[in-house]
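Working notes, structure below.
The values are calculated or read from the model by the stated rules, or taken from the named source; none is laboratory data. Just so it is clear, the model here is predicted, and its values are computed rather than measured. With ideal geometry, Cβ positions are generated from the backbone for all residues, glycine too; neighbour counts draw on all protein chains shown.
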There are 2 protein chains.
Amino acid sequence: MGADSPRTLQRLDALRIADNRLPVELNSRGEAIMESEARHDFLHQCRAIVGASHALTNAYDTAPYLKDWSGRYQGQALAVIRPGSTEQVAELVRLCRAHRVAIVPQGGNTGLAGGATPHGAAPCVVIQLGRMNKLRKVDAVNNTITVEAGALLADVQAAAHAAGRLFPLSLAAEGTCTVGGNLATNAGGTAVLRYGNMRNLCLGLEVVTADGRIWDGLRGLRKDNTGYSLRDVYVGSEGTLGIITAAVLALFPEHGCKVTCLAAVPGITEATTLLQAAQQRLGSNLTAAELMSSAALAAVAQEMPQVRLPLAQPRAWMLLMELSASSFQDEGRQQIEALMAQAIERGLATDVAVAASLQQAQDFWAVREAVPEAQARQGFAIRYDISLPISELRRFVDESDAQVASLWPDMYTVTFGHIGDGNLHYNVRSTSSSSQNELVQRREKVDRIVYDLVQSVGGSISAEHGIGQAKCHELRAHKSAVEMDLMRSIKMALDPDGLMNPGKVLSLG
Amino acid sequence: MGADSPRTLQRLDALRIADNRLPVELNSRGEAIMESEARHDFLHQCRAIVGASHALTNAYDTAPYLKDWSGRYQGQALAVIRPGSTEQVAELVRLCRAHRVAIVPQGGNTGLAGGATPHGAAPCVVIQLGRMNKLRKVDAVNNTITVEAGALLADVQAAAHAAGRLFPLSLAAEGTCTVGGNLATNAGGTAVLRYGNMRNLCLGLEVVTADGRIWDGLRGLRKDNTGYSLRDVYVGSEGTLGIITAAVLALFPEHGCKVTCLAAVPGITEATTLLQAAQQRLGSNLTAAELMSSAALAAVAQEMPQVRLPLAQPRAWMLLMELSASSFQDEGRQQIEALMAQAIERGLATDVAVAASLQQAQDFWAVREAVPEAQARQGFAIRYDISLPISELRRFVDESDAQVASLWPDMYTVTFGHIGDGNLHYNVRSTSSSSQNELVQRREKVDRIVYDLVQSVGGSISAEHGIGQAKCHELRAHKSAVEMDLMRSIKMALDPDGLMNPGKVLSLG
């Protein structure tokens, strides 16, 4: 596991790797390249570790791994390496370190912030973990599953289900994204209200550290107060501190009962009041609370007419809520029905529907799931993934909407998201179809409106998508100097050579 | 907030403070003392910051803060300082840093591992946060409460209740312990099964860093993926990285309904099987699962005859479970009754009782709560606070009990704890009342049996009490070199001068 002394972890060399000790030169575009001999030697050793067929170097093979799915980010790498074991990952990291080659860890490449795409001028490799997809162990008594980082989220959900258990993380990319990526970005989704983010679902980790050692922290414990929570340092660090290679995840009882309801609400204040009433009545059995603005619903109606809108309330917002429990079907339904009746009485809702069948419940969810797609079909928008104290949602949306509209009368917003978590997907767009360029030019000003308001109400500029390379600049602008310094200290402590996913999260140097 | 450059955080000076640049000399017992002039100057400045009446120096005043409640740990300090604001804490830290005086943060001084008691030879002050006990803000819409570190846990619970909300952390010392201590030790207790440890209940923190700056991370957000989770670095770090001065904590709906039941079970396997059945049936509405061995029950019967034992099953273990929900009272009771009937049928339980009144429920809990006290009255025991995968509880107890008994026929174990979290309070004692000295001598061997078995089944040597000064040695023995190195790296990154609570958690140098 490497003969490096512990002290090497603490070296305080500059974090930039493009210094004069590196085997790099610059090409005509100012990008760093390795000397061909060093490169040849390095790739030869990569192949020796993983086998020639798992070290991809030709452009056709590597292309899918070098740009993100949206096409917004595109990078270069010496190779895309697909290791088959944790030991191979550790060997690769030591090799990269010896050659001062940077490392971009990658899972399903479904991220929304460019965190898995190479960035910048440093010579790097993509370490793609897709081959490490074993589900190592299900422990139904301990309610845990031990999986490798490259396992697909959907496969973990299926394995849990096969054991009569629930793995609750649920998000749009679940058929393609990997557990490693979910951990690296602390993924969210639609089940956070009850179960928390990926951080809350992770009990233990296996990590290859930046100096190529293996930390075996694969503990399946609910309580473990033995020193600093390294697990929580690596979760959400977006591959900038080490490479997560496996994890122990928590499982839960499956839900035998579900009651899904939809309420047309006049606005955000009514939605949050109704949410509170639902939480008081249903407690932790309230497992989802999703909000859609009237503009979001109009987008679905226009772009995806095949999706049925259960409540015809043209100017209303829609609040979807779901109760899930192992049992309590009868009382659950009674409670939801009483809640909805009260909502109408109190003027919190103008129309309500409680799904009478599984099919109806799916129809309700279909509306929510159609929103991102309908939005995308309407063309370019400036998109935000923000979170706010729930008590500030209304103020933020009102003020931001008003400021945007007062500057540009053609602009409006499409808002939806996980209201129970205070997480809004807030999208600014124009009624004029020909103004994409203009919108792009307006982005900086819109950013200022949105992010300054987010900051003023104590919100977050990235609720669930992370920082990646998309928001490094905003991160610096919004975090205090103290917080940035603390984060940099941790980066320097755990990745002193700055080889782990450079140009992501912290924009150093 | 200090003119220190960010780089100072990364200084790699030796962590020991007793080096030759310090204004210390050694007294006849080899303890470091400050030269009287430096000491005089330092204390003068302390008084200038907090006011003379809040800088305690005479032995009578400082005594209660210099030993832990059990009397096991006792230390020395130049002074006990009781700051009244975060700014004062920051000033004190900068002053201590300038004088190279170590800092021992202290809350309610109810810890079980000596973490809040001065340790070792370095000149230090205790910074006692009891005056900083403001409940800054309750936000009932966002379900959060913002409190200062010195607030009593019981006061936070009461403030939540007054707002119609629940703050679920619950433990024996709740009338005396403080939120800051709960955060620093990542406190557990009886509500972890449903709500998690203190870590899970904390949304944001305010921390005075080791270089005397204030990190304002008081965010009340459920989702915030903007860089490394500093919150999780400080929570559970036992005052060794900085001083937590305030926090935003999550609130939950109160429980309108509770159903409490007690089952006499033949052994641990039956208890864990019944626990699983209860989880399948009740999901997250199962909010407590506490186990007591027959020896624990016998101790209660013998030492505290006023406590009524509801089920007379002399050789049985007892499993207490509780369902809590906002509503669902009828169906909840039906579900519990069906569960208990099935338990008898399947041979998982030999007798069961479902509380018919609040009084009965309290009687059931009274048994569980009497166990630690009854135990203490029986005299000296070697105590362990361990956690294990739930699937390994049986194997651990069987093997450990057998090994102890085979070495010393007079020894037996008293076991109880939070079985739903895999957390056992495992106590080894002797039937002979005169053998305390002998027991102390056996401790090392018993440690080896218990901790080696814990390690072999992937358990933790400290489930909820932390490391403090009590378990530094065991921590080193049980963690891998990689994990210790990573923790040391974090310590050196965030407290490069080693002034924060030296001699705790990591035993450095």
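Pick from region A:121-155 the residues that are within 14 Å of chain B (Cβ to nearest Cβ) and either of a type in the set (Ser, Thr, Tyr) or crowded, with 24+ Cβ neighbours inside 10 Å (or both): which of them is nearest to A:Lys504 (Cα to Cα)? Talk me through it step by step, then tell me what you get.
At the first step, the residues of region A:121-155 found to be within 14 Å of chain B (Cβ to nearest Cβ) are A:136-146.
Now drop any that are not either of a type in the set (Ser, Thr, Tyr) or crowded, with 24+ Cβ neighbours inside 10 Å (or both), which leaves A:142-146.
Details: A:Asn142: 36, A:Asn143: 34, A:Thr144: 31, A:Ile145: 30, A:Thr146: 28 Å.
Here the residue is A:Thr146.
Name the residues in region B:428-487 that are hydroxyl-bearing (Ser, Thr, Tyr) and part of a loop (DSSP other than H, G, I, E, B), would you? If you could, list the steps in order and put the result at the bottom.
Here is the first cut: in region B:428-487, the residues hydroxyl-bearing (Ser, Thr, Tyr) are B:430-435, B:451, B:456, B:460, B:462, B:480.
The answer is B:Thr431, B:Ser432, B:Ser433, B:Ser434, B:Ser435, B:Ser462, B:Ser480.
Scan region B:348-391 residue by residue and report those that are within 21 Å of the chain's Cα centre (by Cα), among the polar types (S, T, N, Q) and over 19 Å from B:Ala301 (Cβ atoms).
Correct list: B:Ser387 only.
Could you look through region A:460-484, keep only residues that are within 16 Å of A:Gly115 (Cβ to Cβ) and without any contact (Cβ under 8 Å) to a residue 40 or more places away in the chain, and pick out the one that is nearest to the other protein chains (Cβ to nearest Cβ)?
Within region A:460-484, the match that is nearest to the other protein chains (Cβ to nearest Cβ) is A:Leu475.
Across region B:206-241, what is the total count of residues that are of a type in the set (Gly, Ala, Ser) and within 19 Å of B:His465 (Cα to Cα)?
Count: 3.
All but one of (1) away from chain B (no Cβ under 14 Å); (2) at pLDDT 95 or above hold for A:Val93; state the number of the condition that does not hold.
(1)
Read through the list (1) surrounded by fewer than 24 Cβ atoms within 10 Å (Cβ to Cβ); (2) farther than 30 Å from B:Ala278 by Cβ; (3) in contact with a His (Cβ under 8 Å, 6 or more places away or on another chain), then give the number of the only condition that B:Arg219 fails.
(3)
Please indicate, with yes or no, whether at least one residue in region A:480-496 is among the acidic types (Asp, Glu), under 16 Å from B:Asn225 (Cα atoms) and modelled with pLDDT of 95 or more.
Narrowing region A:480-496 to residues among the acidic types (Asp, Glu): A:483, A:485, A:495.
Subsequent filtering for residues that are under 16 Å from B:Asn225 (Cα atoms) retains A:483.
Within this subset, residues satisfying the condition of being modelled with pLDDT of 95 or more are A:483.
Yes - at least one qualifying residue is present in region A:480-496.
Hey, among A:Phe328, A:Phe364, which residue is at positive phi and crowded, with 18+ Cβ neighbours inside 10 Å?
Of A:Phe328, A:Phe364, the one residue that is at positive phi and crowded, with 18+ Cβ neighbours inside 10 Å is A:Phe328.
Restricting region A:106-120 to residues that are buried (at least 22 other Cβ atoms within 10 Å of the Cβ) and among the hydrophobic types (A, V, I, L, M, F, W, C), which is farthest from A:Leu203 (Cα to Cα)?
Applying the first criterion (buried (at least 22 other Cβ atoms within 10 Å of the Cβ)) to region A:106-120 yields A:106-111, A:113-119.
Still in the running and among the hydrophobic types (A, V, I, L, M, F, W, C): A:113, A:116.
Values: A:Ala113: 26, A:Ala116: 24 Å.
If we take residues in region A:106-120 being buried (at least 22 other Cβ atoms within 10 Å of the Cβ) and among the hydrophobic types (A, V, I, L, M, F, W, C), then A:Ala113 is farthest from A:Leu203 (Cα to Cα).
I'd like to verify a number: residues in region A:188-203 that are facing chain B (nearest Cβ under 9 Å), assigned to a loop (DSSP other than H, G, I, E, B) and touching a residue at least 12 places away in the same chain (Cβ under 8 Å), how many?
Qualifying residue count, region A:188-203: 2.
(1) crowded, with 24+ Cβ neighbours inside 10 Å; (2) hydroxyl-bearing (Ser, Thr, Tyr); (3) closer than 25 Å to A:Gly256 by Cβ: which one isn't true of A:Thr209, the others all being true?
Here A:Thr209 meets the rest and fails (3).
Select the helices (runs of 4 or more DSSP H) contained entirely in region A:204-312, then report the ones holding at least 1 residues which are more than 25 Å from the chain's Cα centre (by Cα). Break it down stepwise before answering.
Values: elements: A:230-234, A:268-282, A:294-303.
By residue number, A:268-282, A:294-303.
For region A:218-238, what are the residues that are in contact with a strand residue (DSSP E or B) (Cβ under 7 Å, 6 or more places away or on another chain) and either of a type in the set (A, V, I, L, M, F, W, C) or more than 7 Å from chain B (Cβ to nearest Cβ) (or both)?
A:Leu218, A:Leu221, A:Leu230, A:Arg231, A:Tyr234, A:Val235
Test A:Ala353 against the stated conditions and say whether it is farther than 30 Å from B:Val138 by Cα, in a strand (DSSP E or B) and in contact (Cβ under 8 Å) with a residue 60 or more places away in the chain.
Answer is yes for this residue.
Inspect all residues belonging to region B:397-410 and state whether any of them is assigned to a loop (DSSP other than H, G, I, E, B), at pLDDT 95 or above and within 30 Å of A:Ile145 (Cα to Cα).
To start, the set of residues in region B:397-410 that are assigned to a loop (DSSP other than H, G, I, E, B) comprises B:408-410.
Next cut, at pLDDT 95 or above only: none.
Looking for residues that are assigned to a loop (DSSP other than H, G, I, E, B), at pLDDT 95 or above and within 30 Å of A:Ile145 (Cα to Cα), one finds none in region B:397-410, hence no.
Just the residues that are of a type in the set (D, E, K, R), buried (at least 19 other Cβ atoms within 10 Å of the Cβ) and either touching a Cys at 6+ places or on another chain (Cβ under 9 Å) or within 19 Å of B:Glu270 (Cα to Cα) (or both), please, taken from region B:378-400. Write out each step before concluding.
Kept after step one, since they are of a type in the set (D, E, K, R), are these residues of region B:378-400: B:383, B:385, B:392, B:394-395, B:398-399.
Right, trim to buried (at least 19 other Cβ atoms within 10 Å of the Cβ) and you get B:385, B:392.
Scanning region B:378-400 gives a single hit, B:Glu392.
Considering A:Ser391, A:Ser460, A:Ser489, which residue is among the hydroxyl-bearing types (Ser, Thr, Tyr) and in contact with a Pro (Cβ under 9 Å, 6 or more places away or on another chain)?
Going through A:Ser391, A:Ser460, A:Ser489 in turn, the sole match is A:Ser489.
Test of understanding: among B:Val505, B:Val428, which residue is buried (at least 24 other Cβ atoms within 10 Å of the Cβ), in contact with a Lys or Arg (Cβ under 9 Å, 6 or more places away or on another chain) and on the phi > 0 side of the Ramachandran plot?
Result of the check over B:Val505, B:Val428: B:Val505.
Could you tell me whether region A:398-405 includes any residue that is within 14 Å of chain B (Cβ to nearest Cβ) and touching a residue at least 12 places away in the same chain (Cβ under 8 Å)? Let's see the steps before the verdict.
From region A:398-405, those within 14 Å of chain B (Cβ to nearest Cβ) are none; that's our starting set.
Scanning region A:398-405, I find no residue that is within 14 Å of chain B (Cβ to nearest Cβ) and touching a residue at least 12 places away in the same chain (Cβ under 8 Å), so the answer is no.
Would you list the helices (runs of 4 or more DSSP H) that sit entirely within region A:58-168 and hold 2 or more residues that are in contact with a strand residue (DSSP E or B) (Cβ under 6 Å, 6 or more places away or on another chain) and not polar (S, T, N, Q)?
On the way: elements: A:59-66, A:86-99, A:153-162.
Once the helices (runs of 4 or more DSSP H) in region A:58-168 are filtered for at least 2 residues that are in contact with a strand residue (DSSP E or B) (Cβ under 6 Å, 6 or more places away or on another chain) and not polar (S, T, N, Q), what remains is A:86-99, A:153-162.
Given (1) touching a Phe, Trp or Tyr at 6+ places or on another chain (Cβ under 9 Å); (2) at pLDDT 95 or above; (3) surrounded by fewer than 23 Cβ atoms within 10 Å (Cβ to Cβ), where does B:Gln88 come up short, assuming only one miss?
So the condition that B:Gln88 fails would be (1).
Look at region A:177-187 and say how many of its residues are in contact with a Leu (Cβ under 7 Å, 6 or more places away or on another chain) and either at the interface with chain B (Cβ under 9 Å from one of its Cβ atoms) or assigned to a loop (DSSP other than H, G, I, E, B) (or both).
Residues meeting the conditions: 2.
I'd like the residue in region A:279-325 that is crowded, with 21+ Cβ neighbours inside 10 Å and acidic (Asp, Glu) and, out of all such residues, is nearest to A:Arg194 (Cα to Cα).
Selected residue: A:Glu322.
Looking at region B:485-509, I want the residues that are at the interface with another protein chain (Cβ under 10 Å from one of its Cβ atoms) and have a partner that is surrounded by 24 or more Cβ atoms within 10 Å (Cβ to Cβ) and among the acidic types (Asp, Glu) with Cβ atoms under 8 Å, at least 6 apart or on another chain. Which pairs are those?
B:Val505/B:Glu238
Can you name the number of the only condition in (1) part of a loop (DSSP other than H, G, I, E, B); (2) polar (S, T, N, Q); (3) touching a strand residue (DSSP E or B) at 6+ places or on another chain (Cβ under 6 Å) that A:Thr413 fails?
Only one criterion in (1) part of a loop (DSSP other than H, G, I, E, B); (2) polar (S, T, N, Q); (3) touching a strand residue (DSSP E or B) at 6+ places or on another chain (Cβ under 6 Å) is unmet by A:Thr413, namely (1).
Looking at B:Ala184, B:Ala191, B:Ala162, which one is surrounded by fewer than 24 Cβ atoms within 10 Å (Cβ to Cβ), small (Gly, Ala, Ser) and at pLDDT 95 or above? Give the steps one after another, and end with the answer.
On the way: B:Ala184 fails: surrounded by fewer than 24 Cβ atoms within 10 Å (Cβ to Cβ); B:Ala191 fails: at pLDDT 95 or above.
The match here is B:Ala162.
From the list A:Leu453, A:Leu424, which one is at pLDDT 95 or above and away from chain B (no Cβ under 14 Å)? Walk me through it before giving the result.
Details: A:Leu424 fails: away from chain B (no Cβ under 14 Å).
That would be A:Leu453, the only listed residue that is at pLDDT 95 or above and away from chain B (no Cβ under 14 Å).
Answer yes or no as to whether B:Leu171 is under 24 Å from B:Ala370 (Cα atoms) and surrounded by 22 or more Cβ atoms within 10 Å (Cβ to Cβ). First the steps, then the outcome.
Working: under 24 Å from B:Ala370 (Cα atoms): yes; surrounded by 22 or more Cβ atoms within 10 Å (Cβ to Cβ): no.
Spelling it out, it is not the case that B:Leu171 is under 24 Å from B:Ala370 (Cα atoms) and surrounded by 22 or more Cβ atoms within 10 Å (Cβ to Cβ).
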